[in-house]
Amino acid sequence: MINHHPSDFSLARLAGGTLGAGPRLVVATHLSGCPQCRRRLTSFEAAGGVMLDEAEPARLSAEAFQRALGRLGDADPRAEPQPRVLHPDLPPPLNAYEIGPWRQVGRGFQWRRLRLPESPGANVIMLRVAAGQPVPHHGHSGAEYTQVLSGSYSDALGRFGAGDCIELDEEVRHQPVVDPDGECVCLTALEGKLRLSGWIGRLIQPLIGI
Amino acid sequence: MSAPAPSADDMKQWLKAVAAEQDRAAFGRLFQYFAPRIASLMERSGLSAAEAEEISQETMVAVWRKAALYDPAQAGVSTWVFTIARNMRIDLARKASRASAGVAALGELPMRLEASVEDMALANERDARVRRAMATLSPEQATVLRLSFFAEKPHAEIARELSLPLGTVKSRTRLAMAKIRAILEREP
């Protein structure tokens, strides 16, 4: 049962193409398991179609059409192979990404970093936190997008379980605690930097390096 | 001088002719309608005129190649072309960062090959509904939607265009988006 969904604002930015690569992957992973949000996205994409219809036509160069005709026979530079599934245990499109090895940071707390070929600088990580374990109290210099892949956690904002997508503003500081009935695995993208507090945070920050 | 706007059915026929017979005349009609509009949207999203024209070229070449994948049950032709142009725009940003893979996280609209008549009616109906809904947005809502689609830093630009303090722009955006979605998804 999914209780938390991406915001309308994020879906509009996804539809328009302005959502950053990291948040785009988190929201797309949510969409793969949420027909309701796929429908919402479709409405926004249809709005994009209307904006296209209503756009004031730009002046193209005189030879634009001839140039396009000349390119019709070109080999398709975008003939990309179907994305390979690298991680059958994870949902698409996350399962097609290269993910680094799990790294232990303190007891019951592991993380691994994702490589986004479309945006090498993007801060996207998977976190695996043991049952009952708190995540260091932290804030962010930009928005945080999290998709819960398995398990659940709670913080001052509520309880979040598998399939939920949580968007947090940079103003929000929070301390998630994993629920006692099992470990929790999340996919998290940060638009800015993480701001950890407390001694454990200061210990972990340089290790994670984001 | 300007031709009358083609109907949704015209566009579907042209696309079908491109898919079935590699009909260059039909492609020409699609190009004449879409290429200048794609370039216009791309300029609006901050690209130079030359980059915008390049995206419109790449999009139209992709329309030619992918015509057989278009599924009228899923979306109108304009919506389909919009999603291709959007992905080309994302790809351009990727090329600028000199990375190697394609847009993996967001495909074109997922396409099915066989459309049932019922499905097609549904897609047509949704397009018509969204079109009507767009016409009822307030100027503020229309601005929020447009900048969410096209601005790299939408909050800052929404604040500027609507003369709002940055402190209130997020809550106003949230409010406007909630109304926009309610309007887009309202039953007829």
Checking B:93, B:68, B:142, B:104 in turn, the sole residue that is at pLDDT below 85 and surrounded by fewer than 20 Cβ atoms within 10 Å (Cβ to Cβ) turns out to be B:93
Of (1) of a type in the set (A, V, I, L, M, F, W, C); (2) open to solvent by 20 Å² or more (accessible area, probe 1.4 Å); (3) in contact with a Phe, Trp or Tyr (Cβ under 9 Å, 6 or more places away or on another chain), residue A:14 satisfies every one except (2)
Discussion item. Quick check on residue B:163: is it assigned to a loop (DSSP other than H, G, I, E, B), modelled with pLDDT of 90 or more and not hydrophobic (A, V, I, L, M, F, W, C)?
Written reply: yes
Considering only helices (runs of 4 or more DSSP H) wholly within the stretch A:1-110, the ones with at least 3 residues that are touching a strand residue (DSSP E or B) at 6+ places or on another chain (Cβ under 6 Å) and within 10 Å of chain B (Cβ to nearest Cβ) are A:21-32
Over the stretch A:147-192, the set of residues open to solvent by less than 20 Å² (accessible area, probe 1.4 Å), of a type outside the set (A, V, I, L, M, F, W, C) and touching a Pro at 6+ places or on another chain (Cβ under 8 Å) is A:153, A:176
Those residues of the stretch A:120-157 that are touching a residue at least 60 places away in the same chain (Cβ under 8 Å) and either in contact with a His (Cβ under 8 Å, 6 or more places away or on another chain) or part of a loop (DSSP other than H, G, I, E, B) (or both) come to a total of 6
It is to be established whether one or more residues within the stretch B:63-74 are closer than 17 Å to residue A:58 by Cα, touching a Leu at 6+ places or on another chain (Cβ under 8 Å) and within 8 Å of chain A (Cβ to nearest Cβ). no
Among the residues of the stretch B:121-139, the number that are assigned to a helix (DSSP H, G or I) and open to solvent by 60 Å² or more (accessible area, probe 1.4 Å) is 7
Point to revise | Filter result for residue A:118 (under 29 Å from residue B:58 (Cα atoms) and either exposed (fewer than 15 other Cβ atoms within 10 Å of the Cβ) or away from chain B (no Cβ under 14 Å) (or both)) | key: no
Considering the stretch B:148-160, residues that are facing chain A (nearest Cβ under 9 Å) and open to solvent by less than 40 Å² (accessible area, probe 1.4 Å), and then whichever is nearest to residue B:41 (Cα to Cα), we arrive at B:150
Flagged in the stretch B:49-62 as open to solvent by 20 Å² or more (accessible area, probe 1.4 Å) and either outside any helix (DSSP H, G or I) or more than 8 Å from chain A (Cβ to nearest Cβ) (or both), in numbering order, are B:50, B:51, B:54, B:58
query = Being open to solvent by 40 Å² or more (accessible area, probe 1.4 Å), modelled with pLDDT under 90 and farther than 30 Å from residue A:185 by Cα, is that true of even one residue in the stretch A:53-74?
reply = yes
Requested in this report: State whether one or more residues within the stretch B:173-184 are crowded, with 17+ Cβ neighbours inside 10 Å, at pLDDT 85 or above and assigned to a loop (DSSP other than H, G, I, E, B).
Outcome: no
Within the stretch A:32-52, restricting to residues that are without any contact (Cβ under 8 Å) to a residue 40 or more places away in the chain and open to solvent by 10 Å² or more (accessible area, probe 1.4 Å), the one that is farthest from residue B:185 (Cα to Cα) is A:51
Here the qualifying pairs (Cβ atoms under 7 Å; residues six or more apart or on different chains; first in the stretch B:67-96 and acidic (Asp, Glu); second part of a loop (DSSP other than H, G, I, E, B) and open to solvent by 10 Å² or more (accessible area, probe 1.4 Å)) come out as B:71/B:111; B:71/B:112; B:71/B:113; B:71/B:115; B:91/B:102; B:91/B:103
Counting only residues in the stretch B:71-83 that are surrounded by 20 or more Cβ atoms within 10 Å (Cβ to Cβ) and among the hydrophobic types (A, V, I, L, M, F, W, C), the one farthest from residue B:36 (Cα to Cα) is identified as B:75
Residue hits (the stretch B:28-48; more than 8 Å from chain A (Cβ to nearest Cβ) and either within 15 Å of residue B:11 (Cβ to Cβ) or open to solvent by 40 Å² or more (accessible area, probe 1.4 Å) (or both)) are B:29, B:30, B:33, B:46, B:48
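The values are calculated or read from the model by the stated rules, or taken from the named source; none is laboratory data. Treat the numbers as computed from the prediction; the structure is a model and nothing was measured. Backbone-built Cβ (ideal geometry, glycine too); neighbour counts: all protein chains shown. The area values use the complete protein model at the heavy-atom level, side chains included, leaving out ligands, DNA and RNA. Shrake-Rupley method; radii C 1.70, N 1.55, O 1.52, S 1.80 Å.
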